[in-house]
Amino acid sequence: MIRVAVVDNDKLVPAGLRALLAGTGDIRVVHAATSLTEHLAAAPEADVVLLDLRLEDGTEAAANVAALRRRGVRVLVLSVHGDRRHVRATVRAGAGGYLVKDDDAVKLTEAIRNVHDGQPALTAELMTIINDDPPELSPQEARALYLYGTGSTLAATARRMGVTIPTVRSYLTRIRSKWAAIDEPVDDVRTLIDQYQPRPDR
C-alpha cells in the first residue's frame with residue numbers, strides 16, 4: 001500500500017484525490033494539511049506527499065520540497081500549470097515528479113507509483129520545459145542578476161559592479177525582456193536566480 005499525504009491550500013482537493021484514488025487498491029490518502037508546517041507537525045506516516053506548488057503561507061515550493069526530502073519523503077508537486085522556473089526549481093530541490101492539476105486519474109496514479117518507486121514522473125511536455133536552456137545573459141546581466149537576486153539593493157549592486165543605478169536597472173530590464181521574448185514574462189527577476197550559475201562578486 002502506498003500511503004499518500006496531501007498538502008494543499010484548497011480543502012476540497014484532498015476529498016477529490018481520495019475519490020480519484022479510491023479504486024486503485026494500492027494507493028490511499030492517509031493525511032491532509034493546508035500548510036507544510038501543519039503537515040510536519042502532524043508527522044503522518046506517508047510514503048509520498050502530493051504538494052501544492054503555491055501554498056498561501058508565504059513559503060517557496062522548492063524550499064518545501066527540500067524540507068520534505070530531508071524527512072525521507074518522496075514528493076510529487078501539483079500545480080495548475082507547468083512553468084519552467086517552478087518545474088526546474090522543484091525538481092532540482094528533489095521532487096520526484098510534477099503534475100498539472102487537470103491531468104486525469106490515470107496519469108495521477110501512474111505518477112504516484114513512479115515517484116514511490118524512485119522513478120521520475122514528468123510528462124514529455126514538462127521534460128521539454130526542464131531541458132530547455134534559459135535565455136542567455138551577458139556577463140554583466142548575469143552578474144547584476146546574481147548580486148541583486150542574492151539580496152543586494154540596486155545601489156549596492158551598482159556600487160559592487162562599478163556602474164550607475166540606471167545601468168543596473170537597464171540590465172534587469174533586458175533580462176525581463178529576454179524572458180518575455182520566450183513567452184515567460186517575469187515580474188521579479190530575483191525569482192530567476194536558480195536558472196543560472198552563480199556569478200561571484202570579484
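Looking only at residues of the range 89-108 that are assigned to a helix (DSSP H, G or I) and β-branched (Val, Ile, Thr), we find that the one that is surrounded by the most Cβ atoms within 10 Å (Cβ to Cβ) is Thr90. Tell me yes or no: at least one residue of the range 1-16 is more than 22 Å from the chain's Cα centre (by Cα), within 19 Å of Gly118 (Cα to Cα) and open to solvent by less than 50 Å² (accessible area, probe 1.4 Å). Yes, the conditions are met somewhere in the range 1-16.
State whether one or more residues within the range 90-101 are out of contact with any His (no Cβ under 9 Å at 6 or more places or on another chain) and farther than 19 Å from Leu192 by Cα. Yes: one or more hits.
I want to confirm something. Restricting to the range 151-184 and keeping residues that are in a helix (DSSP H, G or I) and more than 18 Å from Leu137 (Cβ to Cβ), which single residue is most open to solvent (accessible area, probe 1.4 Å)?
Arg159
Going through (1) within 17 Å of the chain's Cα centre (by Cα); (2) open to solvent by less than 30 Å² (accessible area, probe 1.4 Å); (3) modelled with pLDDT under 90 one by one, Leu36 falls short only on (3). Only one of the numbered conditions (1) more than 22 Å from Glu184 (Cβ to Cβ); (2) at pLDDT 90 or above is not met by Lys107, and that is (2). Within the range 76-88, restricting attention to residues that are part of a helix (DSSP H, G or I) and free of Cβ contacts under 8 Å to residues at least 60 places away in the same chain, the residue that is surrounded by the fewest Cβ atoms within 10 Å (Cβ to Cβ) is His86.
The values are calculated or read from the model by the stated rules, or taken from the named source; none is laboratory data. All of these numbers come straight from a predicted model, not from anything done at the bench. Using ideal geometry, Cβ is built from the backbone for each residue, glycine included, and neighbour counts are taken over all protein chains shown. Ligands, DNA and RNA are excluded from the accessible area calculation, which covers all protein heavy atoms including side chains. Shrake-Rupley method; radii C 1.70, N 1.55, O 1.52, S 1.80 Å.
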